[in-house]
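Visitor: Before we start, here is the structure in question, set down as structure tokens.
Here, each number is a calculation from the coordinates, and none is a lab measurement. Computed from a predicted structure; not experimentally measured. Cβ placement follows ideal geometry from the backbone for every residue including glycine, while neighbour counts extend to all protein chains displayed.
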Amino acid sequence: MKPTTRKNLLIALTYSVTLIGGMFLGYKFLRDQGFTFQRNVQFADNNSEKVDEIINLINRNYVDEIDADTLSHLEIDSLLHQLDPHSVYLPPVKLSEQSDLLEGNFEGIGIEYYILKDTLLVTSVFKDGPAALAGLKLGDKILKIDSFFVSGKHLPREQMIGKIKGKRGTAVQLLILHPGSAHPVTMAIKRGRVNVSSIDAAYMINADAGYIRISEFGANTDRDFVESVKSLKSAGMKKLILDLRDNGGGYLTAATSLANQILPENKLIVYTEGKHEPRTDYIATGGGEFEDGKLAVLINENSASASEILAGAVQDLDRGIIIGRRSFGKGLVQEQFPFGDGSALNLTIARYYTPLGRSIQKSYKRGYTAYQNEIEERFNDGELTESPLASRDSMQKNLAYTTGSGKRVFAGGGIQPDIYVKMDTAGINKFYSLLMDKKVLFDYVFDVLANRYTSAYLEQNLPTFTISEADYKDFVRYVQSKNIVIDYKQLIASKPVVCNDLKALLYRYHLGDAGYYRALNLNDNMVKQALSSLQ
């Protein structure tokens, strides 16, 4: 497993093994599309016809000049591989799931569940959703969906999803076993529209600083952000840590709308331009909810697209400080062209540029990311006096830019932070990676640890709570029960990471995403650096 921060590992795996209302959340990491608007295109059920129309769309809209004659003999996927990594074809199912995610709602019953020992364990129930109103609770086990038994069966996730998810207004009957009960009960739940906030967490991290984490830029992100800021300001917030790590983007207009909440009036947020798209400027309207307070923005190598638009504007305009690691480097804007059969084409139509005119699109060359990370580490460790990535493969080769405060910023290869925080890989070894791959930490928390603590106890003891030695020894025995050969030397080295992860997952189970990030952030180096910088 590629070394990465313990936080990124937990986030990725948490959402890869959790289901919301019957919808697989792996798509949280496929949200790097900068959509602007849609056009309706009708097709017959003929693949060659669709290929021809896609070529026409490319000719009329693609960001760069392209030789269409070289594309005509290719299948759709091969055709798009000749363009850029972000021009993609979405079959109907993927398009529907992506739309649900970015629109901030979906049709279902409003639960999160985890497959534990071939049983669906309810790990969260959305407030005011159909499941909550019907009485479904945290820790319930789903044994049967309609006439189909799911407990004890080795079913693919796709089958699990299809059984619970459904159209609004339709009913699903669940056989539920409540914790501590010997006999299951039947519950009939009518599916509905479930709203999901794009704000993962919003809380006061100290007396005057707030923390907001945004998972993607969806249709309601600016509204969710405003509500969070108002709440935090009423609690005394004067400084804000805006966490955009692992945020792969979303709607371009969502990023510009949020920028309106933090940038002064008449400031350029971003502009877009392509071969067939004239320059379009996005200007801050002023009067935003957090226009004046001190601001720190956290980014990492998975912050892309809309996240980079916002971070780039903050950096260019000296509105705040950017902390973390160089961002992904996606400076391309996609437009979505839906087809009559429910599929769609996301086609790159323009590049976006930061207020100073920077393009931050990285090279498409294979292996470039590894090279980029290596050079970045050497540059920030002082081994190199000037990073060759500053202008590599950029449209503005060899150009550096200067902000109003005199700070130098560069084009190409992502947003370089003002303060660099090295990747923390301490304790992340092969055995730890094995435990994560086999999801043993998740199983132990949901199967054993969650039953030992209450939400009230965890809330009250958040700053001081640690995994006890008894809990840890039980964890080791749990690993052994899974027939995993333990490398004790590596296990000892990874113990601090394992205990920290177990704590975070325990808090997520009992206190949701907000509790998860509150627990993780206590030992997060970027958050600590942000608090220090905001002083």
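Visitor: For Glu49 paired with Gln480, estimate the spin-label separation in nm (one decimal), with each label point 7 Å from Cα along the Cα-to-Cβ line.
Guide: Using points 7 Å along Cα→Cβ, the separation is 6.6 nm.
Visitor: Related question: Under 5 Å between amide H atoms, partner at least 5 residues away or on a different chain: which partners does Leu462 have, H built in plane at 1.01 Å?
Guide: none
Visitor: Taking 51 Å as R0, compute the FRET efficiency from the Cβ-Cβ separation of Ala171 and Lys489 and round it to 0.05. Could you put the intermediate results ahead of the total?
Guide: Details: r = 54 Å, r/R0 = 1.07.
The computed FRET efficiency comes out at 0.40.
Visitor: Which whole-Hz couplings ³J(HN,Hα) result when phi for each residue of the stretch 226-232 is put into the Karplus expression 6.51 cos²θ - 1.76 cosθ + 1.60, θ = phi - 60°, listed in order with x for Gly and Pro?
Guide: Here the 3J(HN,Hα) series is 4, 4, 5, 5, 4, 5, 5 Hz.
Visitor: If you don't mind, another one. Please state, as a whole number in µm²/s, the translational diffusion coefficient that the Stokes-Einstein equation yields for the stretch 228-355 at 37 °C and 0.692 mPa s, with Rh defined as the Kirkwood radius across alpha carbon pairs.
Guide: 213 µm²/s
Visitor: Applying the Karplus parametrisation 6.51 cos²θ - 1.76 cosθ + 1.60 with θ = phi - 60° to the phi angles of the stretch 271-284, what ³J(HN,Hα) value in whole Hz is obtained for each residue in order, glycine and proline being reported as x?
Guide: 9, 10, 7, x, 4, 10, 10, x, 4, 10, 9, 10, 10, 5
Visitor: State, as an integer percentage, the relative contact order of the stretch 172-225 based on alpha-carbon contacts under 8 Å between residues 6 or more apart.
Guide: Relative contact order here is 26 percent.
Visitor: Could you run the Karplus curve 6.51 cos²θ - 1.76 cosθ + 1.60 with θ = phi - 60° over the stretch 427-442 and give me ³J(HN,Hα) per residue in whole Hz, x for Gly and Pro?
Guide: Using θ = phi - 60°, the values come out as x, 8, 10, 5, 5, 4, 4, 5, 4, 5, 4, 8, 6, 5, 5, 4 Hz.
Visitor: Can you give the percent of C-alpha pairs in the stretch 399-535 whose distance is more than 21 Å?
Guide: 53 percent
Visitor: Hey, another quick one. For Asp200, which sequence-distant residues (separation of 5 or more, or a different chain) have an amide H within less than 5 Å of its own amide H, given hydrogens modelled in the peptide plane?
Guide: Here Arg213, Ile214, Ser215 satisfy the definition.
Visitor: If you don't mind, there's one more thing I want to ask. Between Asp208 and Val185, 0.36 nm times their residue separation minus their Cα-Cα distance comes to what?
Guide: Difference between extended and current length: 3.5 nm.
Visitor: Amide H of Asn300: which non-local residues (sequence gap of 5 or more, or other chain) have their own amide H closer than 5 Å, using H built in the peptide plane?
Guide: Amide H to amide H, under 5 Å and 5 or more residues apart or across chains, Asn300 pairs with Asp246, Arg325.
Visitor: Under 15 Å from a point 7 Å along the Cα-to-Cβ line of Lys117: which residues of the stretch 443-458 have their amide N that close?
Guide: 443-452
Visitor: Using 0.36 nm per residue of separation minus the Cα-Cα distance, give me the extension gain between Arg193 and Asp318 in nm, one decimal.
Guide: 40.9 nm
Visitor: Can you give me the distance in nm between label points at Asn461 and Thr403, each placed 7 Å from the Cα along the Cα-to-Cβ direction?
Guide: 4.3 nm
Visitor: Right, next: Along Cα→Cβ, 7 Å out, is where each label goes; now give me the distance between the ones at Lys233 and Thr285 in nm to one decimal.
Guide: 1.6 nm
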